[in-house]
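Chemist: There's a structure below that I have some questions on.
The values are calculated or read from the model by the stated rules, or taken from the named source; none is laboratory data. Everything quoted here is computed from the prediction, not taken from an experiment. Counting neighbours? That spans all protein chains shown, and the Cβs are built from the backbone with ideal geometry, glycine included.
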Amino acid sequence: MTYDSSLRSLMGFRPRHGPGFYSLERIGLEYDDLRRRGPGYTGEAAWPPHLLPLTHNVGPASYDLERGVIVAFNDYYYDDELTIEEAFTDLDPSLESWLKDWLDTTN
């Protein structure tokens, strides 16, 4: 599964539940904002340049352009007593499996 064939065709897609994907324009805006302000918008660390934000659910959920996995950032890492590094966690091993799980989830 390539970025062009999977992600590009899904931008702005919304299933019956959840926040939906950002549009391509919004991905660019979110990425620029995260790169400028950093994770958690604290300026403590730089947003990793290989993480492309796709949606937001208690923090950005991003596609890792280097590893092909979905990575979440916990915006409440301070409350959860985590470091910024610990706030990044792998959500799913691939975009394909993440999308399947996401679409198969019922409310």
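Chemist: Please enumerate the residues belonging to segment 87-99 that are over 25 Å from residue 45 (Cα atoms) and either at pLDDT below 85 or surrounded by 17 or more Cβ atoms within 10 Å (Cβ to Cβ) (or both).
Modeler: If we filter segment 87-99 for residues that are over 25 Å from residue 45 (Cα atoms), which is where we start, we get 94-99.
Scanning segment 87-99 gives 95, 98, 99.
Chemist: Here is a further query. Go through the residues of segment 95-104 one by one and say whether even a single one is assigned to a loop (DSSP other than H, G, I, E, B) and either β-branched (Val, Ile, Thr) or more than 16 Å from residue 22 (Cβ to Cβ) (or both). Please lay out each step first, then the result.
Modeler: Residues of segment 95-104 assigned to a loop (DSSP other than H, G, I, E, B): none.
Scanning segment 95-104 turns up no residue that is assigned to a loop (DSSP other than H, G, I, E, B) and either β-branched (Val, Ile, Thr) or more than 16 Å from residue 22 (Cβ to Cβ) (or both).
Chemist: Starting from segment 32-56, take each residue that is hydroxyl-bearing (Ser, Thr, Tyr) and list its partners that are surrounded by 13 or more Cβ atoms within 10 Å (Cβ to Cβ), counting only C-beta distances under 6 angstrom and pairs at least six apart or across chains.
Modeler: 55/21; 55/61
Chemist: Restricting attention to segment 52-87, report how many residues are outside any loop (DSSP other than H, G, I, E, B) and out of contact with any Gly (no Cβ under 9 Å at 6 or more places or on another chain). Steps first, answer last, please.
Modeler: Step one: filter segment 52-87 for residues outside any loop (DSSP other than H, G, I, E, B), giving 52-56, 60-64, 70-73, 84-87.
Retained after the next criterion (residues that are out of contact with any Gly (no Cβ under 9 Å at 6 or more places or on another chain)): 52-54, 56, 60-64, 70-71, 85-86.
Residues meeting the conditions: 13.
Chemist: Please go through (1) surrounded by fewer than 17 Cβ atoms within 10 Å (Cβ to Cβ); (2) within 15 Å of residue 22 (Cβ to Cβ) for residue 79 and return the number of the only condition it doesn't satisfy.
Modeler: Going through (1) surrounded by fewer than 17 Cβ atoms within 10 Å (Cβ to Cβ); (2) within 15 Å of residue 22 (Cβ to Cβ) one by one, residue 79 breaks only (2).
Chemist: Now, a different point. Identify the single condition in (1) out of contact with any helix residue (DSSP H, G or I) (no Cβ under 6 Å at 6 or more places or on another chain); (2) surrounded by 13 or more Cβ atoms within 10 Å (Cβ to Cβ); (3) modelled with pLDDT under 95 that residue 45 does not satisfy, given that it satisfies every other one.
Modeler: With (1) out of contact with any helix residue (DSSP H, G or I) (no Cβ under 6 Å at 6 or more places or on another chain); (2) surrounded by 13 or more Cβ atoms within 10 Å (Cβ to Cβ); (3) modelled with pLDDT under 95 applied to residue 45, the lone miss is (1).
Chemist: Can you pull out the residues in segment 20-33 that are over 11 Å from the mean Cα position of the chain (by Cα) and part of a helix (DSSP H, G or I)?
Modeler: 24, 25, 26, 28, 29, 32, 33
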